[in-house]
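Bear in mind these aren't lab numbers, they're just calculated from the coordinates by the rules spelled out. Bear in mind that the values here come from a model prediction, so they are computed numbers and not experimental data. Don't worry about glycine lacking a Cβ; one is built from the backbone with ideal geometry, like all the others, and counts go over all protein chains shown.
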Amino acid sequence: MENPFRYGEVATGVYFTDRSVELAELQADIRTGQNVVIISPRRFGKTSLVFQALELLKQEHVLVAYIDLFRTPTKDRFADHLADTIYSGLVAPFERVWQRAVDVFQKLPIRPKVTVNPDGTPSFEFAAGERSRDIERTIEGLLALPGQIASERKRRVALVLDEFQEVVAIDPHLPALMRAVFQFQGEVAHVFLGSKRHLMQRVFTDENEPMYKLAKPFPLREISAEDFAPFIRERFAATGQRIAEEAVRRVLATTDGHPHDTQELCYFTWSLAQAEGAEATPEVVDRALARVIEAEDARYTTVWEGLSPHQRLVLAALVVGAEAVYSEAYRRRHRLGAASAVQRSLERLVERELVEFSPRTGYRVPDVFLRAWIARVTAPNGGTGSRT
């Protein structure tokens, strides 16, 4: 029987955890042409939320273009993929004969080379090695097309730019070019999201950056137990598998409502209970957690080995408790040395998004499974042994 939970991939449809409030707000923003930047910790379901909203908006005839900037390491590749997504999302719905549809790209400073994919759709390629100025003007023309199409077709358009923090690596001048175009596209909702929160915050909240205040901040937080618990029960019930109410509470107490981690722990919990033909109990959840930690061991080991010895000490200390991290008593108890050394390690760990800080909670390790893994490997004679 197919496992009713999904993790490590975009979750849509029945696998999407009900963020009803955020989903309704995002749909309303896009309908009105409001630019949005989604900023949240890693694996919080940003892309899943956006895809769910877009699927619903397509039913309302909103035109959608989506581009992942991880696939566009250079300006010419960015132009290639931008043309592809504009064609497939904004042009093809109206023009079925692609030879006529590609005419929209023929007025660009650089005319793309058009090739036909096995499925009969076109793909676009702008010649590498063209003058930088011509590539920039071509990108500017491509960025302007969603607004032109929205105006001509009398349709709302959503342009989604995923992993947006990569735009600076492609070209530091691209954000300024984008702002120059986007600020005049009131009929287009630009949705920005990315996996590196500290970079996204800098790009959109630093008043010295071109994208400052271009988009409405849209923070995502943990899903409350009141919202998550019914989802867990329903997914178990959909397969005829029973789960005790205490087990549901154990899952959510373990994951703190983290969307990805809750789905992952439920995936392993369901698998164990299904294999044993028994109800999922808190004891099954605990064994499932051990399975998760084993499954993640290779990834966490790679992360751990990439840290300095002092960074490891700071991480291990935060897992035990994060009260007054700069105090002499805390530093002495965990053998962390000078406060300046703690500050440097914390800054690096925050940059790597292994640690996060908020005025409400202070410093913490947000990955609940990493916390459990660190507790295991740093315990005397624990788990696979100390790796500090």
Relative contact order %, the range 298-378, counting alpha carbon pairs below 8 Å whose residues are six or more apart: 33
Glu245/Thr302 FRET efficiency (R0 41 Å; Cβ-Cβ; nearest 0.05): 0.65
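Just need the relative contact order of the chain here, percent rounded to a whole number, with Cα pairs under 8 Å and 6+ apart.
Once divided by the residue count of the chain, the mean separation gives 18 percent.
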Label-point gap, in nm, between Thr361 and Ala253 - each point 7 angstrom along Cα→Cβ: 1.8
Surface/4 of the Cα convex hull for the chain, nm²: 22.4
Label-point separation, Asn117 to Arg344 (7 Å along Cα→Cβ), nm: 4.9
Inter-part distance where the range 311-336 and the range 17-94 are each reduced to a Cα centre, Å: 41
Per-pair calculated FRET efficiency, R0 = 41 Å: Thr74 and Arg371 via Cβ, rounded to 0.05: 0.60
For the range 138-265: span of alpha carbons on each principal axis (Å, largest first): 58, 36, 21
37 °C / 0.692 mPa s Stokes-Einstein diffusion coefficient of the range 96-198, Kirkwood radius on C-alpha pairs, µm²/s: 213
Ala92 paired with Glu351, simple spin-label distance in nm, labels 7 Å along Cα-to-beta-carbon: 4.1
Percent of beta bridges antiparallel (DSSP, the range 20-219, rounded to nearest 5): 20
Descending semi-axes in whole angstrom, ellipsoid equivalent of the range 1-53, from the Cα gyration tensor: 23, 13, 8
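Going from the alpha-carbon gyration tensor of the range 273-319, what semi-axes, largest first and in whole Å, does one get by taking the root of 5 times each eigenvalue?
In descending order the semi-axes read 32, 13, 4 Å.
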Mean projected area in nm² (Cα convex hull; one quarter of hull surface) for the range 20-219: 11.0
Alpha carbon convex hull of the range 225-295, projected area averaged over orientations, nm²: 4.1
For the range 298-378, radius of gyration divided by Kirkwood radius, i.e. Rg to Rh on alpha-carbons: 0.93
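Nothing charged except the Cβ atoms of Lys and Arg (+1) and of Asp and Glu (-1): what's the magnitude of the dipole of the chain about its Cα centre? Round to the nearest 20 debye. Walk me through the intermediate numbers first.
Working: 50 positive and 53 negative charges, 156 e Å.
Here the chain has a charge dipole of around 740 debye.
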DSSP bridge pairs, the chain: antiparallel proportion in percent, nearest 5: 25
Using a Förster distance of 51 Å, the FRET efficiency for Ala238-Ala180 (Cβ separation, nearest 0.05): 0.55
Lysine pair number, Cα distance threshold 23 Å (strictly under), the chain, separation 8 or more or different chains: 12
